[in-house]
Amino acid sequence: MMFQRLFLPQFFLLLSLTTATAKRLNTIPRLSPIGPRVWRDQPDKTTLGEFDGEDFETFFYEQTLDHFNYRPESYDTFLQRYLINSKYWGGANVSAPILVYLGAEAPIDGDLAAIGFLVDNAVQFNSLLVYIEHRYYGKSIPFGSREEALKDASKLGYFNSAQAIADYAAIIIHIKETLTTLYSPVIVIGGSYGGMLASWFRLKYPHIALGALASSAPILYFDDITPQDGYYSIVTKDFREASETCYQTIKTSWSEIDELASKPDGLSMLSKKFKTCNPLTDASKLKDHLDTMYASAAQYNRPPTYPINEVCKGIDGGGFGDDILSRIFGGLVAYNGNLSCYVNARTDPSETAVGWRWQTCSEMAIPIGVGNNSMFPPDPFDLEDYIEHCKSMYGVPTRPHWVTTYYGGHSIKLILQRFASNIIFSNGLRDPYSSGGVLENISDTVVAVKTANGSHCLDILFAEETDPEWLVTQRKIEIKIIKEWINKYYADLTMF
């Protein structure tokens, strides 16, 4: 049986690592706050040129390899990268706040350029800004090299979320001690997987972080708390609301692709129609590519362009012909622009793809499947198949229940309202991952801030002049809540 539907980053790059069967490989976009850059008219915030990078100073902390054991090898160290911007900081003498961005499944460079919530609000908070890179990504690599660190499960075993948030705790304490600012309140911020880390950090290290902003954090998409088809149900809903004819065309297209592929020279005809970069050997790579495109358009359906609308304009416009597959190709061109070829280009997996594959195979096993009420073919998640596939790759099985064992998730309102505080779970309801998010207030201080039209991590990106009013309002609400946390902390501080 095939490897199950994952939130692996750029998983279509890893198809060569799987075994082809009659069942198509299912792919969805990576769990990332940034997403793909495909729109020419949107500002590209994936490079450092979009903000004054000179305000950031880079440091490397000698990090402990294993925070949870006392074996001799546990005391090995590696250099972990973090960056500080002190331009607007009020200083240690007044215990001014510290805003800390928790890096996720990628080098920190892209987040520096895209995650603007900290920079945009540094002046009004008089805050120190800190961005910390996640272990095993970017320049924060144990064992001397990426090749050695990713060599086998013995080295990869130190690559997990618990070690990552312990890293963050050690670095934050180090920064506060170095700057002699022990009473500065710390707010941790993260998006997507990083948003999960932020919420979990607040739960595990409340003595270090006063509060957390967890943007688009699907902490309930584990252990069947969320229905498996939640993600693709929202993708389908987003497209259907944009255009009924677009939705119907996509829904019909899968059988059309299979029918043509089954004919003599059908794969050659598909390759020509979709201008594939290499001849198709089966229909699965084309369907996987389209699946990823639709899911990505929904997850990152941001203003002002709104990718779903663009894809549907391409499909409904019929610029390449009126038949179903020509319309689907029109959507492909609308999403990507005019390229020399589309689909199955030969590329090497990124470090994020390789690293995130381990994380999803070890602990971050989100069971995403497709149900019957979808514009995609039904494709239920098979946990046993998933575990066996991961075991064949790494020699160790997935621990699908560990996230809920270590961090919780079941009966979350019943549990967290009794001890948790100062967490914002923000979501946009057009984001497919919002199906696994916290969408209702748990208590007066563990709150859900959601927008009907929002997409993935939109609230923590740099503010733009074109931002709609509902997005501006969402950010204002978050800022107001964080200020209340900080003001209460300062008031309590005077009592001690």
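The values are calculated or read from the model by the stated rules, or taken from the named source; none is laboratory data. Because the structure is predicted, anything quoted here is derived from the model rather than measured. When we count neighbours, we look across all protein chains shown, and the Cβ atoms used for this are built from the backbone with ideal geometry, even at glycine. In case anyone asks, the SASA skips ligands and DNA or RNA and just uses the protein heavy atoms, side chains included. Shrake-Rupley method; radii C 1.70, N 1.55, O 1.52, S 1.80 Å.
Does Tyr407 fit the bill of being of a type in the set (Phe, Trp, Tyr), over 30 Å from Phe239 (Cβ atoms) and crowded, with 17+ Cβ neighbours inside 10 Å? Outline the logic, then answer.
Working: of a type in the set (Phe, Trp, Tyr): yes; over 30 Å from Phe239 (Cβ atoms): yes; crowded, with 17+ Cβ neighbours inside 10 Å: yes.
Judged against the criteria, Tyr407 is a match.
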Can you spot a residue in the range 177-196 that is among the polar types (S, T, N, Q), buried (at least 19 other Cβ atoms within 10 Å of the Cβ) and out of contact with any helix residue (DSSP H, G or I) (no Cβ under 8 Å at 6 or more places or on another chain)? no
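Of all strands (runs of 3 or more DSSP E) completely enclosed by the range 10-110, which ones contain at least 2 residues that are farther than 30 Å from Arg346 by Cβ and either modelled with pLDDT under 95 or aliphatic (A, V, I, L, M) (or both)?
Working: elements: 57-64, 77-85, 98-102.
Per the criteria, 77-85, 98-102.
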Unmet requirement for Thr398, which otherwise passes all of (1) without any contact (Cβ under 8 Å) to a residue 40 or more places away in the chain; (2) surrounded by fewer than 20 Cβ atoms within 10 Å (Cβ to Cβ); (3) farther than 21 Å from Met293 by Cβ; (4) not basic (Lys, Arg): (2)
Residues of the range 334-391 being open to solvent by less than 10 Å² (accessible area, probe 1.4 Å), at pLDDT below 95 and under 16 Å from His289 (Cβ atoms), in sequence order, are Ala353
Do we have any residue at all in the range 175-185 that's among the charged types (D, E, K, R), closer than 30 Å to Ile141 by Cβ, within 25 Å of the chain's Cα centre (by Cα) and assigned to a helix (DSSP H, G or I)? no
Does the range 282-322 hold any residues that are over 29 Å from Gly436 (Cα atoms) and either hydrophobic (A, V, I, L, M, F, W, C) or touching a residue at least 60 places away in the same chain (Cβ under 8 Å) (or both), and which are they? Asp282, Ala283, Ile315, Asp316, Phe320
Neighbours by Cβ (under 7 Å, 6+ apart or cross-chain): first from the range 45-63, over 15 Å from Val119 (Cβ atoms) and among the β-branched types (Val, Ile, Thr); second outside any strand (DSSP E or B) and at pLDDT below 70: Thr46/Arg37
Restricting to the range 277-301, count the residues that are outside any helix (DSSP H, G or I) and either open to solvent by 20 Å² or more (accessible area, probe 1.4 Å) or acidic (Asp, Glu) (or both). 5
